[in-house]
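The values are calculated or read from the model by the stated rules, or taken from the named source; none is laboratory data. Everything numeric in this text was worked out from a predicted model, so none of it was measured. FYI the Cβ positions are ideal-geometry reconstructions off the backbone, even for glycines, and counts take in every protein chain you see. Accessible surface is based on the protein model in full, side chains and every heavy atom, while ligands, DNA and RNA are left aside. Shrake-Rupley method; radii C 1.70, N 1.55, O 1.52, S 1.80 Å.
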Protein chains: 2
Amino acid sequence: MNNINIALIQHSFKKNKQDTIKCTIDLIQKAAKNGANLVCLQELHTTEYFCQSENVEFFKYAESFNDDIECFSKVAKDNQVVLVSSLFEKRAKGLYHNTSIVFDKDGRIAGKYRKMHIPDDPSFYEKFYFTIGDNEFKPIETSLGKIGVLICWDQWYPEAARLMALSGAEILIYPTAIGFDRSDSNDEKQRQLEAWIGIQRGHAIANGVFVAAINRVGFEAFGDSGIEFWGNSFIFGPQGELLAKAKSESDEIIQTTIDMDRISQVRNIWPFLRDRRIEFYSNITKRYID
Amino acid sequence: MNNINIALIQHSFKKNKQDTIKCTIDLIQKAAKNGANLVCLQELHTTEYFCQSENVEFFKYAESFNDDIECFSKVAKDNQVVLVSSLFEKRAKGLYHNTSIVFDKDGRIAGKYRKMHIPDDPSFYEKFYFTIGDNEFKPIETSLGKIGVLICWDQWYPEAARLMALSGAEILIYPTAIGFDRSDSNDEKQRQLEAWIGIQRGHAIANGVFVAAINRVGFEAFGDSGIEFWGNSFIFGPQGELLAKAKSESDEIIQTTIDMDRISQVRNIWPFLRDRRIEFYSNITKRYID
């Protein structure tokens, strides 16, 4: 495909799983009617972002992993779109992953990606819920080409983006759940938002690939506090050019047609892949060089 | 040192080497009087950017490598600053490098870095002049701490920035010579400038380090064409926050005090180094994964 119409579905949690899935499906249908070939959902889109606490009750969400797959497989097929979902996977008793299942437009599972880098910061206690992925950084083959799916915290790691690009990914997709702590200053919030956008823009530039991130919106309370998810879902082109960006507070479909020939155009005149000094990169596999 | 006053010296070529060096020294003195501890110069700052053609005549500039070292060693000592220079090195007959010599404030050579990634694009025929460096990506120890010196084309490679940070560099310094082709559209020029800034901002964020780039200004004609060097020298903090930026057309000293404690503050709450999946990164040393 030389042109792909890509849609990012950004929304808030709708009080329960059932209503949230209904909202997601409505937005997918809307995007498909508007010509989308590729629809991308936010991280853990069927539920609230439950990692604000460490609570075994939430493992119940992973029990319906297979039902969730069945549901979104049907949605992909009904709408004839390649669909990037983000689900809570129960792999075995007491072994769970933060997993993206990618469906091709016939509903078939094209591939899956288990989140490799897992955060653990105040209000983001993911290491309690999710085992680190054990897949290679391999793009998923779809009828639209090779898609490099990575998830949220992965976005801070240039190594992940690079490995996907070296394996032929031409689009990187990051389902995400990131937001503000309301007690932070406006300046701090602005720095965090710009850092989040900036690092991913860097991956687009370094690798000459399209990069899209899909983030949720809305305030999700927990105790006296909570997270104000900052939206701002975006798509960058292979020169780091901004193609589309969502607002910070509203449910929104970001949709645009991307021209895959741009990748060759950009890479041919800025041939970064040509000049990598691979014989000097082996220390990248060290924790620290001391 | 918890605080470093850093100055970036951005200027145009002054028609000949002698006058250009005089301008550079004047600006270094000015920065030092204004409190600079660390002064950083642009790429190949003693001459025009001669790589617009492949011409053996220009190797004459490398003949004075040792004189250039002597000159800038004295400047560092006279002004009591750590000085990052960028010179044309003759290593042997027919073997040349694009080399940064870093002087400590006593004039002693603290270390050198030979440019590792060498470009070759229309108007930037560097592969004719410069052999690829054979140093590791190791920061240079100075009285101000470990400085990661990289040069121009290196800035497009996240691997180089990562290896410097893993080896303890807390500031990355990129002497640079980059500019516009006047025949490009304004939109294309804007994309190029933003990509150049964006990728380096990404290195600051990914690694939690300060990043500074020093670029020349002015139009340097060659034949019917030439390069319009775009200036815009900048310093980013470890969260990717912009600390200072120069204009696009004028000689300018960018000078600010950076607080090295910011690195711990940023890294402790955004602990990207903690979660690297090093056991899955070894394919970074492949040219392409096919």
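If I ask for residues that are in contact with an Asp or Glu (Cβ under 8 Å, 6 or more places away or on another chain), over 27 Å from A:Ala195 (Cα atoms) and not in a strand (DSSP E or B), which ones from region A:108-155 would you list?
A:Ser143
State whether the residues of region B:233-247 include one that is assigned to a loop (DSSP other than H, G, I, E, B), more than 14 Å from chain A (Cβ to nearest Cβ) and touching a residue at least 40 places away in the same chain (Cβ under 8 Å).
Residues of region B:233-247 that are assigned to a loop (DSSP other than H, G, I, E, B), as a first pass: B:233, B:237-241, B:246-247.
The next check asks that each one be more than 14 Å from chain A (Cβ to nearest Cβ); those that pass are B:233, B:246-247.
From what is left, the residues that are touching a residue at least 40 places away in the same chain (Cβ under 8 Å) are B:233, B:246.
Yes, the conditions are met somewhere in region B:233-247.
When you scan region A:20-37, do you find a residue that is within 19 Å of A:Val211 (Cα to Cα), open to solvent by less than 10 Å² (accessible area, probe 1.4 Å) and under 16 Å from the mean Cα position of the chain (by Cα), even just one?
The answer is no; no qualifying residue exists.
Can you find a residue in region A:75-96 that is within 14 Å of chain B (Cβ to nearest Cβ), within 16 Å of the chain's Cα centre (by Cα) and not in a loop (DSSP other than H, G, I, E, B)?
Within region A:75-96 (the criterion being within 14 Å of chain B (Cβ to nearest Cβ), within 16 Å of the chain's Cα centre (by Cα) and not in a loop (DSSP other than H, G, I, E, B)), the answer is no, since none of the residues qualifies.
Would you tally the residues in region A:248-264 being out of contact with any Cys (no Cβ under 9 Å at 6 or more places or on another chain), open to solvent by 40 Å² or more (accessible area, probe 1.4 Å) and in contact (Cβ under 8 Å) with a residue 12 or more places away in the chain?
9
Can you name the residue in region A:265-286 that is surrounded by 15 or more Cβ atoms within 10 Å (Cβ to Cβ) and more than 7 Å from chain B (Cβ to nearest Cβ) and, of all such residues, is nearest to B:Arg162 (Cα to Cα)?
In this case the residue turns out to be A:Leu273.
Restricting attention to region B:82-131, which residues are of a type in the set (A, V, I, L, M), buried (at least 16 other Cβ atoms within 10 Å of the Cβ) and without any contact (Cβ under 8 Å) to a residue 40 or more places away in the chain?
If the condition is that a residue be of a type in the set (A, V, I, L, M), buried (at least 16 other Cβ atoms within 10 Å of the Cβ) and without any contact (Cβ under 8 Å) to a residue 40 or more places away in the chain, then B:Ile101, B:Ala110, B:Ile118 are the ones that fit.
If I filter region B:54-73 for residues that are in contact with a strand residue (DSSP E or B) (Cβ under 8 Å, 6 or more places away or on another chain), modelled with pLDDT of 95 or more, more than 21 Å from B:Phe137 (Cβ to Cβ) and not in a helix (DSSP H, G or I), do I get at least one hit?
No.
Name the residue that is most open to solvent (accessible area, probe 1.4 Å), counting only residues in region B:169-208 that are within 13 Å of another protein chain (Cβ to nearest Cβ), within 26 Å of B:Lys112 (Cβ to Cβ) and of a type in the set (A, V, I, L, M, F, W, C).
Step by step, filter region B:169-208, then rank; the result is B:Ile178.
Kindly indicate whether any position in region B:143-165 is surrounded by fewer than 19 Cβ atoms within 10 Å (Cβ to Cβ) and out of contact with any Lys or Arg (no Cβ under 8 Å at 6 or more places or on another chain).
Yes: one or more hits.
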